[in-house]
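Structure record follows, encoded as structure tokens.
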Amino acid sequence: MRAAFGCLITLLVALNTQAETRSLPPQLARALTGADKATIITWTKEHLTDPYSLRSTAISDPVPVKRDSAVVCVAFDGRDRFGRYLGLKRISFVLTPDGIAPTQRPAEVAACSASTLAMKPFPELDALAFAVPSRLNRPTPTMSVPTAAH
């Protein structure tokens with residue numbers, strides 16, 4: 001019982017430390033650019049099984065994770081290779097003065113997993129679903145019937 005209580009105290013202290021308000025470093029205090037969003041969209045097209053099935057997409061503002069770095073979190077629900085939706089997933093991108101890059105480092109992933117993280121719609125990523133021509137929108141094939149020469 002005492003060990004469980006000690007673990008609980010340690011967990012609460014860790015969560016409180018992560019929840020402290022941090023500000024963005026001056027070199028990263030900028031809004032996301034169109035190029036940043038294009039990088040996310042390109043990564044999505046290259047790394048997800050079915051990027052054109054994405055729904056419930058969202059993006060965060062830059063989140064400070066360390067004294068000199070910040071991440072942008074992207075949430076989405078997409079299909080696996082069997083066509084099943086997997087549920088909401090979050091990925092993180094490190095924000096740099098020159099752009100952004102995907103990351104899998106623990107601090108960045110933990111920052112994107114916080115349930116209190118404010119997310120806003122990401123319509124540019126939702127628009128991928130409309131970028132692929134539907135079978136219903138394709139032109140109907142036409143047949144030309146040769147005329148008999150008299």
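The values are calculated or read from the model by the stated rules, or taken from the named source; none is laboratory data. Everything numeric in this text was worked out from a predicted model, so none of it was measured. Using ideal geometry, Cβ is built from the backbone for each residue, glycine included, and neighbour counts are taken over all protein chains shown. To get the accessible areas, we keep the full protein, side chains included, count just its heavy atoms, and leave off ligands, DNA and RNA. Shrake-Rupley method; radii C 1.70, N 1.55, O 1.52, S 1.80 Å.
Here are the numbers:
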{"read-out": "The one condition in (1) modelled with pLDDT of 70 or more; (2) in contact with a Ser or Thr (Cβ under 9 Å, 6 or more places away or on another chain); (3) polar (S, T, N, Q) that residue 42 fails to fulfil", "value": "(2)"}
{"read-out": "Selection within the range 103-122 - in contact (Cβ under 8 Å) with a residue 24 or more places away in the chain and of a type outside the set (A, V, I, L, M, F, W, C)", "value": "103, 108, 116, 120, 121"}
{"read-out": "Tally, over the range 79-102, of residues that are modelled with pLDDT of 85 or more and of a type in the set (S, T, N, Q)", "value": "1"}
{"read-out": "Residue tally, condition among the small types (Gly, Ala, Ser) and under 23 Å from residue 105 (Cβ atoms), over the range 49-86", "value": "6"}
{"read-out": "Subset of the range 53-75 [free of Cβ contacts under 8 Å to residues at least 40 places away in the same chain and either part of a strand (DSSP E or B) or surrounded by fewer than 21 Cβ atoms within 10 Å (Cβ to Cβ) (or both)]", "value": "56"}
{"read-out": "Residues within the range 105-138 that are at pLDDT below 80, of a type outside the set (A, V, I, L, M, F, W, C) and closer than 19 Å to residue 41 by Cβ, tallied", "value": "1"}
{"read-out": "Single residue of the range 1-39 satisfying the filter (of a type outside the set (A, V, I, L, M) and at pLDDT 85 or above) that is least open to solvent (accessible area, probe 1.4 Å)", "value": "36"}
{"read-out": "Matching residues in the range 76-102 - criterion: being free of Cβ contacts under 8 Å to residues at least 60 places away in the same chain and farther than 20 Å from residue 54 by Cα", "value": "94, 98"}
{"read-out": "Tally, over the range 106-117, of residues that are open to solvent by 50 Å² or more (accessible area, probe 1.4 Å) and within 21 Å of residue 32 (Cα to Cα)", "value": "3"}
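Every residue, every condition in (1) over 17 Å from residue 56 (Cα atoms); (2) within 14 Å of the chain's Cα centre (by Cα); (3) charged (D, E, K, R), yes or no:
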{"site": "73", "(1), (2), (3)": "no, yes, no"}
{"site": "76", "(1), (2), (3)": "no, yes, no"}
{"site": "80", "(1), (2), (3)": "no, no, yes"}
{"site": "91", "(1), (2), (3)": "no, yes, no"}
{"site": "109", "(1), (2), (3)": "yes, yes, no"}
